[in-house]
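**Student:** Sharing a structure with you now.
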Amino acid sequence: MSDKYDVIVIGSGPAGYVAAIRAAQLGLKTACIEKWKDDKGKGINGGTCLNVGCIPSKALLDSSHKYHEAKDSYSAHGISTGKMSIDVPAMIARKDKVVKQMSGGITGLFQANKVTPLYGTGKLLKGRKVELTDNEGKQQILEAENVILASGSIPVNIPVAPVDNDVIVDSTGALEFTEVPKRLGVIGAGVIGLELGSVWGRLGSKVVCLEAMDDFLAIMDQQIAKETQKILTKQGLDIRLGCRVTGSKVNGKEVEVTYTDKAGKEQKETFDKLIVCVGRRPFTEGLLAPDSGVNLDERGCIYVNDLCSTNAPGVWAIGDVVRGPMLAHKGSEEGVVVAERIAGQKPLVNYDIIPNVIYIQPEVASVGRTEEQVKADGEEYSVGTFPFLAIGRAVATGDADGMVKIIADAKTDRVLGCHIVGPNASDLVQQVAIAMEFGATAEDLGMTVFGHPTFSEAVKEAALAVNGHAIHMPNKKKRK
Ligand code: FAD
Ligand code: AMP
């Protein structure tokens, strides 16, 4: 087989592998280069998402949730469990098995779609040539009509808490603890910090989240963020806002963290493990030859236009390495669109409708604009909220914390955003995402027949509440 391809993808995370599969489906001769290796040195696909991100974190979130439910909630249902125990190595081994299965699935999909997997490091040279250094160090030059860069992101390190992969870890290390730390510190109460803090908190750690910002989940709808903070605090998570970590000192098997609190006073706290979760940054190390023609922006992302084209002709970039939210599904969508554009089609990514989920319990999920954003845009809007406490199914299962909030344009009634904290929020928000894709109004959602009893009735009721028509709750607005 010649070394000239229609498409070479660098990176097999959810952006890259999806782009490669779609390109191959469209009849393009496609290769996907991946440098990730397993502990035996074998190349594996799936990137951050499958290996150290979405999938392993959800595996541990689900295991720890099951434990927590059995320990704390079953008795209310008349079920006694006796003395419970946790086998952390078994939990981690199950997570590893899930990861292996999913990553193997990508390799199988490559085979089925005739994508050529190439294991090693890819470097973009001038003129759409790619230098491949395989895992044995052997180099070859490949050529392509189009190159798609999907090199992803890595955790941000901060000098005040350097990761030693023993006492101080990043998100990857926090998926590998061999026992439950008694005292766990988390720097950064963002999505990943809250998820990992929840995993170990449910298993028994005393968790303290130190967050520099004064507002909790500042980019989220603040009504939902405040409700979430209340619920998490009730669950025992110690979230300290306005607390900026300024130093750390490892003493044997513990770490003393210094931080400035909201009042500007210096404070100290000692932990058995510290997880640094202060964000992720685009990864481009070793990816671009100096004359590749691809530019980076001021944040270190590969610069692309709305269609994911870089400055170099025939070179595209997608996923975490480009602007926009660092979410697996955002990168996958860009992957499909770029592959189809290469094949001559004209699709677009709808960046306005990208759902966002935090997999704590209850889940937090949103799509579209927040109330704060709509207000700042100067638009007139109406809001409908509905609590899960008034949803029969939620009361029956014992998951009645939280609410659904829907924001609609005051004149056209078009749905502008939906924000949920509550049971199955990740799936519920998707119903509104679909409605928004079809340009639905709050009335359209409210007039849709929802099955009873379901959690999703909260979506219907919140949509009805936008116009003061909710049935199972007194309406603030009285409208005919
Ligand atoms: P990546 O998944 O980072 O993949 C990039 C790949 O490129 C890597 O495999 C890397 O080895 C490879 N690569 C880089 N440079 C080269 C090179 N020169 N040659 C060859 N290969 C190269 N997102 C969600 O949407 N939902 C979640 O629930 C979620 N949970 C998360 C939980 C955690 C703990 C973390 C850390 C992240 C989570 N994310 C989640 C974010 C998600 O993982 C990323 O948004 C997603 O993986 C980005 O996909 P990507 O394909 O752009 O990059
Ligand atoms: P995210 O970007 O969602 O992963 O969240 C990362 C969080 O870490 C942000 O909310 C930051 O405010 C927070 N953060 C960054 N640096 C520090 C620090 N030194 N101390 C405490 N929090 C921090």
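The values are calculated or read from the model by the stated rules, or taken from the named source; none is laboratory data. As the structure is a prediction and not an experimental result, all values here were calculated from the model. Here the Cβ is made from the backbone with ideal geometry for all residues, glycine too, and neighbour counts use every protein chain on show. The protein model used for the area step is the full one, side chains on, heavy atoms only, and it has no ligands, DNA or RNA in it. Shrake-Rupley method; radii C 1.70, N 1.55, O 1.52, S 1.80 Å.
Yes or no, residue by residue, for (1) within 16 Å of ligand 1 (Cβ to nearest atom); (2) outside the structural domain of Val245 (by TED's automatic domain parsing); (3) farther than 30 Å from Lys126 by Cα:
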{"residue": "Leu142", "(1), (2), (3)": "yes, yes, no"}
{"residue": "Glu145", "(1), (2), (3)": "no, yes, no"}
{"residue": "Thr172", "(1), (2), (3)": "yes, no, yes"}
{"residue": "Leu175", "(1), (2), (3)": "yes, no, yes"}
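**Student:** Looking at Ile158, Ile224, Ile219, Ile192 in this structure, which one is crowded, with 22+ Cβ neighbours inside 10 Å, on the phi < 0 side of the Ramachandran plot and within 14 Å of ligand 2 (Cβ to nearest atom)?
**Tutor:** Residue meeting the stated conditions: Ile192.
**Student:** Still on this model: Name the single residue, out of those in segment 299-345 being more than 16 Å from ligand 2 (Cβ to nearest atom), of a type in the set (A, V, I, L, M, F, W, C) and part of a loop (DSSP other than H, G, I, E, B), that is surrounded by the fewest Cβ atoms within 10 Å (Cβ to Cβ).
**Tutor:** Leu307
**Student:** Considering segment 454-479 alone, what residues qualify as being out of contact with any strand residue (DSSP E or B) (no Cβ under 8 Å at 6 or more places or on another chain) and polar (S, T, N, Q)?
**Tutor:** Thr454, Ser456, Asn475
**Student:** What's the number of the condition Arg128 fails, among (1) in contact (Cβ under 8 Å) with a residue 24 or more places away in the chain; (2) within 13 Å of ligand 1 (Cβ to nearest atom); (3) under 17 Å from Leu287 (Cα atoms)?
**Tutor:** The single condition Arg128 does not satisfy is (2).
**Student:** Taking the condition of being part of a loop (DSSP other than H, G, I, E, B) and either within 17 Å of Ser57 (Cβ to Cβ) or free of Cβ contacts under 8 Å to residues at least 24 places away in the same chain (or both), how many residues in segment 182-199 meet it?
**Tutor:** Residues in segment 182-199 being part of a loop (DSSP other than H, G, I, E, B) and either within 17 Å of Ser57 (Cβ to Cβ) or free of Cβ contacts under 8 Å to residues at least 24 places away in the same chain (or both): 3 in total.
**Student:** Filter segment 131-155 for residues that are touching a residue at least 40 places away in the same chain (Cβ under 8 Å), surrounded by fewer than 22 Cβ atoms within 10 Å (Cβ to Cβ) and over 28 Å from the mean Cα position of the chain (by Cα) and give the result.
**Tutor:** Within segment 131-155, Glu131, Leu132, Asn135, Gln140, Ile141, Leu142, Glu143, Glu145 meet the criteria.
**Student:** Taking the options Asp377, Asp306, Asp352, name whichever one is under 27 Å from Ser456 (Cα atoms) and among the acidic types (Asp, Glu).
**Tutor:** Exactly one residue qualifies, and that residue is Asp352.
**Student:** While we're looking at this one, here's another question. Please enumerate the residues belonging to segment 261-282 that are of a type outside the set (Val, Ile, Thr) and either touching a helix residue (DSSP H, G or I) at 6+ places or on another chain (Cβ under 8 Å) or surrounded by 14 or more Cβ atoms within 10 Å (Cβ to Cβ) (or both).
**Tutor:** So in segment 261-282, the residues of a type outside the set (Val, Ile, Thr) come out as 261-269, 271-274, 277, 279-282.
Asp261, Gln267, Glu269, Phe271, Asp272, Lys273, Leu274, Cys277, Gly279, Arg280, Arg281, Pro282, listed by residue number.
**Student:** Okay, next question. Tell me, which residue of segment 67-81 that is over 15 Å from Glu363 (Cβ atoms) and part of a helix (DSSP H, G or I) is least open to solvent (accessible area, probe 1.4 Å)? Break it down into steps so the answer makes sense when it comes.
**Tutor:** Taking segment 67-81 as the starting set, the residues that turn out to be over 15 Å from Glu363 (Cβ atoms) are 67, 70-81.
Those left that are additionally part of a helix (DSSP H, G or I): 67, 70-72, 74-77.
Numbers: Tyr67: 34, Ala70: 14, Lys71: 100, Asp72: 79, Tyr74: 79, Ser75: 84, Ala76: 94, His77: 107 Å².
Taking the candidates together, the pick is Ala70.
**Student:** Out of all the residues in segment 111-125, which are in contact (Cβ under 8 Å) with a residue 60 or more places away in the chain and either surrounded by fewer than 22 Cβ atoms within 10 Å (Cβ to Cβ) or aliphatic (A, V, I, L, M) (or both)?
**Tutor:** The answer is Asn113, Lys114, Val115, Thr116, Pro117, Leu118, Tyr119, Gly120, Thr121, Lys123, Leu124, Leu125.
**Student:** Looking only at segment 283-298, filter to residues that are acidic (Asp, Glu) and touching a residue at least 12 places away in the same chain (Cβ under 8 Å); which one of those is most open to solvent (accessible area, probe 1.4 Å)?
**Tutor:** Among them, the one singled out is Asp291.
**Student:** Here is a follow-up. If I filter segment 324-338 for residues that are more than 16 Å from ligand 1 (Cβ to nearest atom), out of contact with any helix residue (DSSP H, G or I) (no Cβ under 6 Å at 6 or more places or on another chain) and either under 26 Å from Ser73 (Cβ atoms) or not aromatic (Phe, Trp, Tyr) (or both), do I get at least one hit?
**Tutor:** no
**Student:** OK, next. Restricting attention to segment 436-456, report how many residues are closer than 17 Å to Gly392 by Cβ and in contact with a helix residue (DSSP H, G or I) (Cβ under 7 Å, 6 or more places away or on another chain).
**Tutor:** 5
**Student:** Then there is this: Answer yes or no as to whether Thr258 is within 11 Å of ligand 2 (Cβ to nearest atom) and open to solvent by less than 40 Å² (accessible area, probe 1.4 Å).
**Tutor:** Taking the combined requirement at face value, the residue satisfies it.
**Student:** To continue, here is another question. I'm trying to understand the selection: among the residues of segment 27-48, which are outside any strand (DSSP E or B) and touching a strand residue (DSSP E or B) at 6+ places or on another chain (Cβ under 9 Å)?
**Tutor:** Passing the criteria: Gly27, Leu28, Lys29, Lys35, Trp36, Lys42, Ile44, Asn45, Gly46, Gly47, Thr48.
**Student:** Still on this structure, please answer the following. Listed residues Leu203, Leu274; which is under 30 Å from Pro423 (Cα atoms), modelled with pLDDT of 95 or more and within 15 Å of ligand 2 (Cβ to nearest atom)?
**Tutor:** Selected residue: Leu274, the only one of Leu203, Leu274 that is under 30 Å from Pro423 (Cα atoms), modelled with pLDDT of 95 or more and within 15 Å of ligand 2 (Cβ to nearest atom).
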